[in-house]
Ligand SMILES: Nc1nc2c(c(=O)[nH]1)N[C@H]1C(S)=C(S)[C@@H](COP(=O)(O)O)O[C@H]1N2
Ligand SMILES: [Mo]
């Protein structure tokens, strides 16, 4: 087929204006550290420091213990405890703690360590949590960052905070790109481990530990709680069955919290959320993010209580169960537990330095693991549309404004002389003037923006569908990708760009927008032209577009990762989740 010509229309060799990033985090050109504050919860208009919980728990626990001890002197309560000692002993487990269970317990602990740490790191990129669909400053219920300053431009990147390297992975500020690879890769492994666990649970007698089979679990749980609180612990029969309280908390953890974590995690991604229609309007991204966090809080609470009781309630016996698979008081469990603990601690300590040093490797490994799922999600046509009254009162701004003289001149003339150049592997390379773009059939859409950092906002966008541009420019059969070049530079210099598949440009809601909320797009949101691509995260939507180029491959652009933030911040190139 040779009835097309390959053209190099772009007058300026834009690919030469791209910069090459390091393959590791270069701390002196990265965002400077910035501390947040101790987490706070909003009650009405007041922010309460969560550290108050510590004295509050101590002050409440002492009378609670005294009260529980008093209750146990009452004959009726004693009778109740005799009748419901705690055990759910109608179901006896004969297989103890088999090897598969012990291995899965270890993998679970190992994977969750990375998942939790990387999750906290992701949260630190937008250290605020909301229930409502938009992310209006002041409407959050939880935060570990100050008020949003009103006297200057405060981008969402400005809002990110540093956390300690032993806590987050990799700890440095605005490292959501790298943290996501840890979070998602280990999520995948954790889900596989969990699925195998479910299967083995129900094909053995082990499910009877976790699943209550009659109502007596509730009085038994109450009785156990009372016994623990009075500090006279119930008799332990963990080897053969769990007590009511154990059964309920394990059940909640395994069958409610874990699936909820997966679902609310997935629902934060634009392609999935936008696929779910009305359901995603009820459990909007911010609500999903909040619930995801509450599930984390449950896990942390569970881990704390679980570990405390394992050690306080017969350490050797319990370690023998879970690490040696025997029910006695030998040292076998501890002898296995100690090297396991050493492995966990070493992995814990290495995760952050390794990520900072081998960032490109972390990105590529994560991409290899997670991309298959992303590529599926990318095929879905985004279909959640909103109405005028859903438009967010506040829409965060992100990125670095264009600073060139060329752009300033265009801006001074209200972009009258702006021309969008469309070239590369197309049959009809050409430029579109600003007036011409506006005279083309206009599409309007009210959609939700999902920034990788965690905030979202609904806005109405007006502009030219990318399909119209494709129809006019006619990509050649060789063209596979579209590169969007910005007038603006990225955070570390070199112009901002991003690469999309042509397939993704054919979605009905892929738009070159020149209007926002019924008014001409302003410069902070990307004037004269910015991309809307509703099944992708925000950073894929280049603002201040100066040129569109069709290519066969993007390996030669920048670091070859398919975009500025892909090159410099180790983001993924396919980002519908
Ligand atoms: N040229 C350019 N485009 C960009 C960015 C940028 O830094 N430079 N930031 C991206 C990111 S991370 C997001 S979330 C959106 C933000 O769009 P908004 O400022 O209109 O909210 O723009 C995207 N487009
Ligand atoms: Mo973003």
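Which stretch or stretches of region 104-135 have amide N atoms under 17 Å from the point lying 7 Å from residue 166's Cα along the Cα→Cβ direction? Under cut-off, by backbone N: 113-114, 117-118, 121.
Take the Cα of residue 215, go 7 Å toward its beta carbon, and the backbone nitrogen atoms of region 82-104 under 20 Å from that spot belong to 82-91.
Here is how the number arises for the chain: DSSP H runs of 4 or more residues each give -39500 (n - 2.57), the sum is divided by the residue count, and the result at 222 nm is -13000 deg cm²/dmol. The calculated FRET efficiency for residue 146 paired with residue 29, based on their beta-carbon distance and R0 = 25 Å, is about 0.50.
Counting 0.36 nm for each residue step from residue 348 to residue 74 and taking away their Cα separation leaves a gain of 93.8 nm.
Using a simple spin-label model with pseudo-atoms 7 Å out from Cα toward Cβ, residue 403 and residue 45 lie 4.0 nm apart.
For the pair residue 472 and residue 368, how long in nm is the line joining their label points, each one 7 Å along Cα→Cβ? Those two pseudo-labels are separated by 4.3 nm.
Length gained on full extension, residue 308 to residue 502: 64.4 nm, using 0.36 nm per residue less the C-alpha separation. On C-alpha positions alone, give me the angle between the axis of helix 176-202 and the longest principal axis of the chain, in degrees, nearest 10. Between the helix axis and the principal axis of the chain, the angle is about 40 degrees.
Using the Kirkwood radius over Cα pairs, work out the Stokes-Einstein diffusion coefficient for the chain at 25 °C and 0.890 mPa s, in µm²/s as a whole number. My calculation gives 92 µm²/s for D. When each of the peptides 238-244, 213-219, 256-262 is scored by the mean number of other C-beta atoms lying within 10 Å of its residues, the order from highest to lowest reads 238-244, 256-262, 213-219. The angle between the Cα long axis of helix 285-312 and the longest principal axis of the Cα atoms of the chain comes to about 30 degrees, rounded to the nearest 10. Placing a pseudo-label 7 Å from each Cα along the Cα-to-Cβ vector at residue 64 and residue 282 gives an inter-label distance of 3.3 nm. By the count of other C-beta atoms within 10 Å, a proxy for reagent exposure, 575, 267 are ordered fewest to most as 267, 575.
How would region 433-501 be classified by its alpha-carbon gyration tensor: rounded, prolate or oblate, with rounded meaning a/c under 1.5 and the a/b versus b/c comparison settling the rest? Oblate, since a/c reaches 1.5 and b/c is not below a/b.
Going by neighbour counts of Cβ atoms within 10 Å, the residues 327, 159 line up, fewest first, as 327, 159. In the chain, the longest principal axis of the Cα atoms and the axis of helix 99-123 are about 50 degrees apart. Taking every DSSP beta bridge that has both ends in the chain, the antiparallel portion is near 90%. At full extension, residue 411 and residue 394 could sit 3.7 nm farther apart than now, given 0.36 nm per residue minus the alpha carbon distance.
Readers should treat all values here as calculations from the given coordinates under stated rules, not as data from a laboratory. Everything numeric here is computed off the predicted structure, so don't read it as measured data. Note: ideal-geometry Cβ built from the backbone for every residue, glycine included; neighbour counts use all protein chains shown.
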